[in-house]
Every structure is written in structure tokens, then in C-alpha cells.
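Contents: one structure, followed by commentary.
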Amino acid sequence: DAGVIQSPRHEVTEMGQEVTLRCKPISGHNSLFWYRQTMMRGLELLIYFNNNVPIDDSGMPEDRFSAKMPNASFSTLKIQPSEPRDSAVYFCASRTQGGHGYTFGSGTRLTVV
Amino acid sequence: GEDVEQSLFLSVREGDSSVINCTYTDSSSTYLYWYKQEPGAGLQLLTYIFSNMDMKQDQRLTVLLNKKDKHLSLRIADTQTGDSAIYFCAEIPYNNNDMRFGAGTRLTVKP
């Protein structure tokens, strides 16, 4: 298995632009998580899905952030419009029911200028 | 408190043992985890311990669990420069799918 695959690895965009981050979880994993990592705030859970259904989005900072999981093998995190304070590394992770821990992707480093 | 707590920095000499400490929040947590994050990479599961165990050893890694004090530690024997990374402690409270992470301990290994 190739693991959790995120794209792009790096994204540089101008303030106000729409940004879409993508994630392919491990096949057979039925939970998917989006995290944001910054120096100031560490790892923050943004949202997670069970069986493609959003369960807890209380960590989504504001309405500019949205996430979808149209099927078991794909999820997106969208920021519209982006702001410089959104600059961070965004991680996707997946887990199987009863499995141990999460498997993380390599992350997308987002820079909003 | 409500946070998983870890000290932020640890520096050791190559060949010494490293001990990274963590205090977790929920006594119902069934499993506790240690993750390693190398520069520019995602978090990698290092090891985990079931809450009814006191200790787990895996090659150079030893995990100690004090359930009464909700204290978890990770000992790395014969620390190498390749062990330099950020180490995260994490718990999943019972009946909850949401893993709670500490802020991470940055381990620096000096030659």
C-alpha cells in the first residue's frame, strides 16, 4: 500500500485565492482526519469523517474552510478565500475501525502570501 | 487539565538514553501512542501501549505507563543522531474516535 497520499506537497498562493488540498486514504480505512500544524498551535484537528460522513467539524476555523469526502478513497479540504494566517502544514490521516493509531500522509505545506 | 502535556525540548548526547515524558488527560483511554515526526515528514507511529500494561519494550524503545498518575514515558536507549525528531504522545479516550496529541517534544541528539 502506498500509504496516505496528499497533494500537492507544497502550495504557494496569493491572499484571496481558493486553495484545494487533496487526500487519498489507505484503502479499507473508514475514518479520515484533517489536521493543521503550526509552530504556535501545534497539531489541530480540523474535521474527521467516518464512512465518508463528517462527524466533528468543530475544529474548522471559520466558514472559509470546507471539507468533503465524496467517496471512500478521496477527500478535499478547501480554503476560500485564503489568508496569510492559513499558512501551515496540513495533514491528512486515516484509520481503520479497531486499528492502532492513525496513518499520516506527508502533508501539504501551504504558504499564503 | 484538558491537554496532553509534554515538555517541548530535550537534548542528549549520542549514545546516552533519552526519556520523553507525557501526561495524558483521560483515564478511560484504552491505548496510548508515541509518534515520531522527522523534518518535512508526517507523523509516524512508533509504538503504542494498552492501558492494562505497565511497560512495553520494542528494541531500543521502552514505554512506561503509570495509569494512576496518567503518566506515559518513552525511553530511547543508545540514542543516535537519526533519532533527532519531534515525538508526540497521543491518546484516544474510550468511545471516541478522536486522537488527542500533545504539543510534541523536540529531541536533539548531539554527536
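Working carefully through the options B:GLU14, B:GLU5, B:GLU38, find the one that is without any contact (Cβ under 8 Å) to a residue 60 or more places away in the chain, surrounded by 13 or more Cβ atoms within 10 Å (Cβ to Cβ) and more than 10 Å from every other protein chain (Cβ to nearest Cβ).
The unique qualifying residue is B:GLU38.
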**Prompt:** For region A:10-46, which residues satisfy the criterion of being within 11 Å of another protein chain (Cβ to nearest Cβ), under 20 Å from B:TYR35 (Cα atoms) and in contact with a Leu (Cβ under 9 Å, 6 or more places away or on another chain)?
**Reply:** A:PHE33, A:TYR35, A:GLN37, A:LEU43
**Complete:** Within region B:66-111, of all residues that are aliphatic (A, V, I, L, M), farther than 15 Å from B:ASN21 by Cβ and within 14 Å of chain A (Cβ to nearest Cβ), the one surrounded by the most Cβ atoms within 10 Å (Cβ to Cβ) is B:MET99
**Message:** Looking at the structure I just gave you, is A:GLU62 within 24 Å of B:ALA103 (Cα to Cα) and within 14 Å of another protein chain (Cβ to nearest Cβ)?
**Reply:** no
**Request:** Have a look at A:PRO81, A:PRO61, A:PRO54 and point out the one that is over 14 Å from the mean Cα position of the chain (by Cα) and either at negative phi or outside any loop (DSSP other than H, G, I, E, B) (or both).
**Result:** A:PRO81
**Asked** Residues of region A:37-47 being over 13 Å from A:PHE104 (Cβ atoms) and either crowded, with 21+ Cβ neighbours inside 10 Å or in contact with a Gly (Cβ under 7 Å, 6 or more places away or on another chain) (or both), which ones?
**Response** A:GLY42, A:GLU44, A:LEU46, A:ILE47
**Message:** Regarding region A:77-90, can at least one residue be identified that is touching a Cys at 6+ places or on another chain (Cβ under 9 Å) and either farther than 23 Å from A:ILE26 by Cα or away from chain B (no Cβ under 12 Å) (or both)?
**Reply:** yes
**Complete:** B:CYS89 vs (1) at pLDDT below 90; (2) touching a Cys at 6+ places or on another chain (Cβ under 7 Å): all pass except (1)
**Fill in**
Residue count, region A:7-29, condition within 21 Å of A:ASP57 (Cα to Cα) and surrounded by 18 or more Cβ atoms within 10 Å (Cβ to Cβ), comes to 6
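The values are calculated or read from the model by the stated rules, or taken from the named source; none is laboratory data. Quantities reported herein were computed from a predicted structural model and do not represent experimental measurements. Neighbour counts are summed over all protein chains in view; Cβ atoms, including those assigned to glycine, are modelled from backbone coordinates with ideal geometry.
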